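What follows draws every value from the coordinates through simple rules; no lab data is involved. Since this is a predicted model, take the numbers as computed values, not measurements. Every residue, glycine among them, receives a Cβ derived from its backbone with ideal geometry; neighbour counts consider all protein chains shown.
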Amino acid sequence: MPDGVCAARASQETMRILFTCLLLMLLFATGLSKPANLKPKPIDKRQNETPYEKFKRQHVDAKMTAKKCEAEIKNKQIYNVDNSCKDTNTFILSDYEKVKAICNGHGSPHKNTCLTESKAKFSIVKCELKNNGGRKPNCQYKGKLLTNRIVVVQCGGLPVHFEKDIVTFESNNAAIGKIPMDDTSVPTNIHV
């Protein structure tokens, strides 16, 4: 081959190499070459939850303990819609079927509301925020195990909202007294 043809081919080959190098540099500069950027973002399963599924995730856990509040709230992603920490979250220590039964014949109307209270008593873990104003994922909670609680829920065929709990006391004659209580309440009508 004549020297002029070889020189032209070498020049074309050099141009291809330079063009390829330029493209690779652009890819690296824009970050498109990183494998993490090529993966689709994970889908937030909470977006497709039914109200009952959300209720189960946030409020029903048979293995919950008072010491696990922070870990479980973080793991189950229980936050307010603005990503601030919830002031209180309550876990019912039971299996799903027993809690679901509240809305299917094992509950009774709660006062003059659209709510239903359980006929059965449950143990609960109440997780209360320690760092007011905290934001996801830095929520710090103190948990309390509470027993003999009637739970009050909103039903939509299934439980869809946890409203509150009511403490119950049994006297010697087996009559049940229900007293709504908070942490500072002192029962005054207990007869021993």
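Tell me, what is the FRET efficiency for Lys63 and Cys114 to the nearest 0.05, using R0 = 41 angstrom and their Cβ-Cβ distance as r?
About 0.85, to the nearest 0.05.
Using 1/(1 + (r/R0)^6) with R0 = 30 angstrom and r between the beta carbons of Asn48 and Asp95, what's the FRET efficiency to the nearest 0.05?
The pair Asn48/Asp95 has a calculated efficiency of 0.80.
State the answer as a single residue: which of Ser108, Asn83, Ser94 lies farthest towards the positive end of the charge dipole of the range 78-119, with beta carbon charges of +1 for Lys and Arg and -1 for Asp and Glu, about the Cα centre.
Ranked along the dipole, the leading option is Ser108.
Quick one: if you stick a label point 7 Å off each Cα along the C-beta vector at Val160 and Lys130, how many nm between them?
Distance between label points: 3.6 nm.
Once you place label points 7 Å from the Cα toward the Cβ at Thr147 and Lys74, how far apart are they in nm?
Modelled inter-label distance: 3.1 nm.
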